[in-house]
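Reading through the structure tokens given below for one structure.
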Ligand SMILES: CC(C)(COP(=O)(O)OP(=O)(O)OC[C@H]1O[C@@H](n2cnc3c(N)ncnc32)[C@H](O)[C@@H]1OP(=O)(O)O)[C@@H](O)C(=O)NCCC(=O)NCCS
């Protein structure tokens, strides 16, 4: 069974590879090893038999808004509740920070809906949400859907 825990610096290589797998398919934004090392404290991982099988991170965007980023489950491990466990851990972290709004940009709407998120208009979010988009090939034709969960 996968165990979810805070990421450590020695997880960087495995996190990098998992994200890169989906980045190459255009599903996730690429993250360099250097960036991952710098923001490793924002990541949680799911580990099974010493292997990282899922990752996710929380990016603070404002006093009352965080974004779930880089959420990915390794091929062969999807559909076993690991993504849900990671999201629950990230929501717990948002609660600890007393941040009430958690958003994500995604193609996986049913997954987020089953975790209590709802689809919202992208226009409701501040400029800061879009700063990462310069790294995305699709920035002028973004087809990702914004989802939001309020924690009150
Ligand atoms: C999306 C993703 C993170 C989901 O993780 P997961 O571990 O497979 O999801 P879970 O097993 O926790 O599924 C939870 C629920 O969502 C549903 N679900 C998951 N993916 C789904 C999909 N593509 N379509 C419909 N329902 C889906 C499951 O059926 C389950 O519902 P249930 O509890 O009613 O049975 C994973 O499939 C993934 O890594 N995808 C590729 C990368 C990606 O798109 N990441 C999202 C970037 S924001």
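Put simply, of 94, 104 the only residue that is more than 8 Å from the ligand (Cβ to nearest atom) and crowded, with 18+ Cβ neighbours inside 10 Å is 94. Determine whether residue 60 is closer than 22 Å to residue 116 by Cβ, away from the ligand (no atom under 13 Å from the Cβ) and surrounded by fewer than 22 Cβ atoms within 10 Å (Cβ to Cβ). So residue 60 fits the description; yes.
Being more than 13 Å from the ligand (Cβ to nearest atom), at pLDDT below 95 and buried (at least 18 other Cβ atoms within 10 Å of the Cβ), is that true of even one residue in region 124-138? Yes: one or more hits. Restricting the first member to region 18-33 and to residues that are within 18 Å of residue 78 (Cα to Cα), and the second to residues that are within 9 Å of the ligand (Cβ to nearest atom) and modelled with pLDDT under 95, the beta-carbon pairs closer than 6 Å and six or more apart or on different chains are 19/28; 22/28.
Only one of the listed residues (99, 73) is within 26 Å of residue 12 (Cβ to Cβ) and away from the ligand (no atom under 15 Å from the Cβ). That residue is 99.
The values are calculated or read from the model by the stated rules, or taken from the named source; none is laboratory data. As the structure is a computational prediction, the values presented were derived from the model and not from experiment. Note that each Cβ is placed from the backbone with ideal geometry, even for glycine, and that neighbours are counted across all protein chains shown.
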